[in-house]
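Taking it in order: structure first as structure tokens, then the write-up.
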Amino acid sequence: MTAPSQLQIVQDGDTDIVVRRSFPHPPARVWRVLTDPALIPGWMTSLDPMTRCEIDLRPGGSFYYEWSGADGNAFAFSGPILAVDAPHHLAHVEYFNGDTTTGTTVTTDLRPHPAGTRMTIVMRYASAEARAAAIESGMTDGFDQVYDQLAALLAEP
Amino acid sequence: MLDLSFAALSDPVRRALLERLAAGEATVQELARPFSISQPAISRHLKVLEEAGLIETRIDGTARPRRLKPEAVAELWTWLGRYRALWEERFEKMDVLLDRLAEQDRQEPGPSEESPS
């Protein structure tokens, strides 16, 4: 419940999602958590745990993240690393399940500020539709069912 | 708060309780009636829902009816609320990792984080 770290998520234009968050730690430490394959699975969770995490952190390098559940369902994000300027700037492209026809360009910036680090992530989707789909898939089917039920309930007068 | 809400919704009994409360406020006894589980078990589920900010308790003499907080449920339901919750959860985990690294750095002030050029 630390107010200064307050999370902001906004949609910008037709294709961007901007995520802002502060951390009471210097950029170098935040950078480590963001880019160390030994640390990434500790936070980049979905409903299923991350089961594979590889990152070759250099311009021209690439990454591969995979999540899989006990039910055998698995999905992955992978793609090229475009720019690396440790510990302040990272740009990469994300492909969902290896589909290179539509990629998301993600830039992560860490700025020092008096309380630690201000992080800004800009996710630029290929289209407005791709952005909407990404948000939709943020949670999985089990939850959709719950929300559909709640939506129906709330819609009642 | 949103993380708690998702955990709260992961249980079918709690979803059924929310559904019942969407029809209007109800006491624990009334809420427990359709279920084959004990009243204390229902109370525990209600506590989870209340801690997640999805319901509240009204004090009415000796009665303690529970009611839905529609705005909280509505926020959860919006797609942005869901998406936001995912990120919130991730960043809270990052906070934990960062604190752990800070602790390590304090204990072993060996190689500094700034790499030599």
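The mean number of partner chain beta-carbon atoms within 10 angstrom of a residue's beta-carbon across peptide A:19-28 is 4. Here the calculated FRET efficiency for A:Ala115 and B:Gln104, from their Cβ-Cβ distance with R0 = 25 Å, stands at 0.75, rounded to the nearest 0.05.
Order these peptides, A:70-78, A:27-35, by their mean beta-carbon neighbour count within 10 angstrom, highest first. Write down the numbers at each step before the final one.
Values: A:70-78: 12.9, A:27-35: 21.3.
Listed from highest to lowest mean packing, they are A:27-35, A:70-78.
Determine, from the Cβ-Cβ distance of A:Val122 and B:Gln29 and an R0 of 45 Å, the FRET efficiency 1/(1 + (r/R0)^6), rounded to the nearest 0.05. With R0 = 45 Å, the Cβ-Cβ based efficiency is 0.30. Rounded, prolate or oblate: which fits the range B:5-45 when a ≥ b ≥ c are the square roots of the eigenvalues of the alpha-carbon gyration tensor, with rounded for a/c under 1.5 and prolate only if a/b beats b/c? Oblate. For the range A:1-72, just say rounded, prolate or oblate: build the C-alpha gyration tensor, square-root its eigenvalues into a ≥ b ≥ c, call rounded for a/c under 1.5, and beyond that prolate if a/b exceeds b/c, oblate if not. It comes out rounded by the Cα gyration axes. Site pair A:Asp16 and A:Ser68 shows an inter-label distance of 3.7 nm when each label is modelled 7 Å from Cα along Cα→Cβ. FRET efficiency for the B:Glu19 to A:Ala86 pair, using the beta carbon distance and R₀ = 45 Å, is estimated at 0.35.
Along the axis of the charge dipole computed for the range A:25-71 (Cβ charges of +1 for Lys and Arg, -1 for Asp and Glu, origin at the Cα centre), the listed residues A:His25, A:Tyr65, A:Ile55 are led at the positive end by A:His25. Judged by the ratio a/c of the largest to the smallest principal axis of the C-alpha gyration tensor, the range A:1-138 counts as rounded, that ratio being less than 1.5.
Legend: ranking of residues B:Phe35, A:Phe96 from fewest to most surrounding C-beta atoms inside 10 Å; resulting order B:Phe35, A:Phe96.
Every number here is computed from the coordinates shown, using simple stated rules; none is lab data. The structure presented is a predicted model; accordingly, all values stated were derived computationally and were not measured. Here the Cβ is made from the backbone with ideal geometry for all residues, glycine too, and neighbour counts use every protein chain on show.
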